[in-house]
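Notes follow the structure.
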Amino acid sequence: MGFTREELESFRDATVPDLVGDDVRLLLVGINPGLWTAATATHFAHPGNRFYPALHLGGVTPADVDPDRLRTDGHDPATRAALTGRGIAITNVVARATARASELSRDELRAGGERVAAKVAARRPRLVAYVGITAYRDAYGRRSAQVGRQPQDEWVAGVETWAVPNPSGLNAHETVGSLARAYREVAGAAGVDLDPPRW
């Protein structure tokens with residue numbers, strides 16, 4: 001699957017529905033959809049994004065699920081169920097799609113943080129994890145926040161809050177293996193049923 005630059009640009013400012021089921025144990029929060037995500041209606045869909053390969057390597061998604069199908073067919077009921085069936089949900093701080101997160105304003109990010117807090121309060125997941133420390137820092141003005149479990153007085157809507165590394169291919173500090181370990185740790189803390197890791 002591929003898109004021309006013009007095709008991708010046509011998805012600028014589009015929104016992608018949250019991926020959410022009935023029993024939310026782990027709410028993963030991205031910063032905002034990229035154009036590829038908007039074009040496919042699938043969170044973290046860009047081919048260079050290591051999100052689904054890392055979840056799979058960490059045993060967070062089932063053994064019989066191809067991580068490439070999650071990337072390209074995330075809107076399909078069978079592939080969605082691979083995540084929602086384990087209590088995993090996905091949303092974003094800002095709903096609108098952009099080519100780069102740097103296109104978002106500080107006000108948008110703060111307002112988005114308030115919207116996510118309202119979703120957390122309504123859904124009451126066991127744990128909320130921001131995928132990328134920048135998403136958490138910008139949404140709540142917590143410039144000194146670090147990756148990992150956040151102090152209890154900084155939890156979002158009183159729900160245990162973590163920040164995990166950004167899976168973008170631009171994040172050269174992480175590998176699929178290091179991402180897999182981080183995602184497995186947070187999923188385990190949320191009570192997600194895990195398969196054995198595949199590393």
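The values are calculated or read from the model by the stated rules, or taken from the named source; none is laboratory data. The structure displayed is predicted, hence computed values, not measured ones. Because the Cβ atoms are built from the backbone with ideal geometry, glycine has one as well, and the counts that use them run over all protein chains shown.
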Conditions (1) of a type in the set (Val, Ile, Thr); (2) without any contact (Cβ under 8 Å) to a residue 40 or more places away in the chain; (3) in a loop (DSSP other than H, G, I, E, B): number failed by Val94: (2)
Enumeration of residues in the range 28-48 that are within 23 Å of Val186 (Cα to Cα) and surrounded by fewer than 23 Cβ atoms within 10 Å (Cβ to Cβ): His46, Gly48
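Residue-wise test of (1) surrounded by fewer than 16 Cβ atoms within 10 Å (Cβ to Cβ); (2) touching a strand residue (DSSP E or B) at 6+ places or on another chain (Cβ under 9 Å); (3) at pLDDT 95 or above.
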site	(1), (2), (3)
Glu108	no, yes, yes
Gly113	no, yes, yes
Arg124	yes, yes, yes
Trp162	no, yes, yes
Val176	no, no, yes
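Are any residues in the range 113-132 in contact (Cβ under 8 Å) with a residue 60 or more places away in the chain, on the phi < 0 side of the Ramachandran plot and of a type outside the set (Lys, Arg), and if so, which ones? Don't jump to the end; show me each part of the working.
Let us first name the residues in the range 113-132 that are in contact (Cβ under 8 Å) with a residue 60 or more places away in the chain, namely 116, 119-120, 123-132.
Those left that are additionally on the phi < 0 side of the Ramachandran plot: 116, 119-120, 123, 125-131.
Scanning the range 113-132 gives Val116, Val120, Pro125, Leu127, Val128, Ala129, Tyr130, Val131.
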Spans of helices (runs of 4 or more DSSP H) in the range 1-90 with at least 3 residues in contact (Cβ under 8 Å) with a residue 24 or more places away in the chain and over 17 Å from the mean Cα position of the chain (by Cα): 5-9
Residue check, Arg142 touching a residue at least 40 places away in the same chain (Cβ under 8 Å) and of a type in the set (Lys, Arg): no
Top-ranked residue of the range 91-100 - restricted to ones that are surrounded by fewer than 22 Cβ atoms within 10 Å (Cβ to Cβ) and either small (Gly, Ala, Ser) or within 15 Å of Ala45 (Cβ to Cβ) (or both), ranked as nearest to the chain's Cα centre (by Cα): Ala95
Checking Arg149 against (1) within 27 Å of Thr40 (Cα to Cα); (2) crowded, with 16+ Cβ neighbours inside 10 Å, the condition it does not meet: (1)
Which numbered condition Gly87 fails, given (1) over 24 Å from Arg184 (Cβ atoms); (2) at pLDDT 95 or above: (1)
Search result, residues across the range 133-166 that are touching a Pro at 6+ places or on another chain (Cβ under 7 Å) and either in a strand (DSSP E or B) or on the phi > 0 side of the Ramachandran plot (or both): Val159
